[in-house]
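Taking it in order: structure first as structure tokens, then the write-up.
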Amino acid sequence: PDSIECKYKIPQELKKSLKFRVVDAGDDEWTMAELYALEWPAYPLENYWISFGASPKHVDWLIVVGAITKNMKDAVVDAWSKIPSPKILVALGDKAINWDDRFTEVFWSVKDIFPNEQIIEIPWNPPSAKTIFSYLVSLTK
């Protein structure tokens, strides 16, 4: 993949096999479409021991897509609490990273919900599948 430098390095014990859980917390579906494209043969995540997981209890990281809506806030917090440590939190797309809704308090960014966690940010709206793939693979190096 193209080389992307990620500021965050995953713990050594997680490098053997990474599974992630995706929570669509309020996306406009464009970012999710790019994320689903990672299942295409052009993006061989399995070659880097990275895969999707269904249950938060069996994954290493949580990828939050979109600004977190009022109705999804508890679900995101619950999913994060069920992932065993060490764990990784990823904000995917500009809405998950920078959403600013000070007036209605109906949407939150990942930073608003988890202010004390280290968050990996994958920017752009939507980030391309190639960008997402490059970021995820860079974490394993």
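Each row is one residue, and each column tells you yes or no for (1) assigned to a helix (DSSP H, G or I); (2) open to solvent by 60 Å² or more (accessible area, probe 1.4 Å); (3) without any contact (Cβ under 8 Å) to a residue 24 or more places away in the chain.
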site: Glu46; (1), (2), (3): yes, yes, yes
site: Val64; (1), (2), (3): no, no, no
site: Ala75; (1), (2), (3): yes, no, no
site: Ala79; (1), (2), (3): yes, no, no
site: Pro86; (1), (2), (3): no, no, no
site: Leu89; (1), (2), (3): no, no, no
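If I filter the range 114-121 for residues that are farther than 19 Å from Ala42 by Cβ, part of a strand (DSSP E or B) and charged (D, E, K, R), do I get at least one hit? Yes, the range 114-121 has at least one match.
Is it true that Asn71 is surrounded by fewer than 22 Cβ atoms within 10 Å (Cβ to Cβ), free of Cβ contacts under 8 Å to residues at least 40 places away in the same chain, under 21 Å from Ser128 (Cβ atoms) and not aromatic (Phe, Trp, Tyr)? Please lay out each step first, then the result.
Working: surrounded by fewer than 22 Cβ atoms within 10 Å (Cβ to Cβ): yes; free of Cβ contacts under 8 Å to residues at least 40 places away in the same chain: yes; under 21 Å from Ser128 (Cβ atoms): no; not aromatic (Phe, Trp, Tyr): yes.
So Asn71 does not fit the description; no.
Considering the conditions (1) part of a loop (DSSP other than H, G, I, E, B); (2) in contact (Cβ under 8 Å) with a residue 12 or more places away in the chain; (3) not aromatic (Phe, Trp, Tyr), Ser134 is excluded by exactly one of them, (1).
Considering the range 1-21, and only residues there that are open to solvent by 50 Å² or more (accessible area, probe 1.4 Å) and closer than 17 Å to Glu121 by Cα, the residue that is modelled with the highest pLDDT turns out to be Arg21. Looking only at residues in the range 48-58 that are part of a loop (DSSP other than H, G, I, E, B) and farther than 30 Å from Glu105 by Cα, the one that is least open to solvent (accessible area, probe 1.4 Å) is Gly53. Within the range 98-131, the only residue that satisfies the criterion of being more than 21 Å from Phe52 (Cβ to Cβ) and open to solvent by less than 10 Å² (accessible area, probe 1.4 Å) is Ser109. Each residue in the range 22-44 was checked for being open to solvent by 20 Å² or more (accessible area, probe 1.4 Å), closer than 15 Å to Leu92 by Cβ and assigned to a helix (DSSP H, G or I), and 4 of them qualify.
The values are calculated or read from the model by the stated rules, or taken from the named source; none is laboratory data. Keep in mind it's a predicted model, so treat the numbers as computed, not measured. With ideal geometry, Cβ positions are generated from the backbone for all residues, glycine too; neighbour counts draw on all protein chains shown. SASA here: full protein model, heavy atoms, side chains in, ligands and nucleic acids out. Shrake-Rupley method; radii C 1.70, N 1.55, O 1.52, S 1.80 Å.
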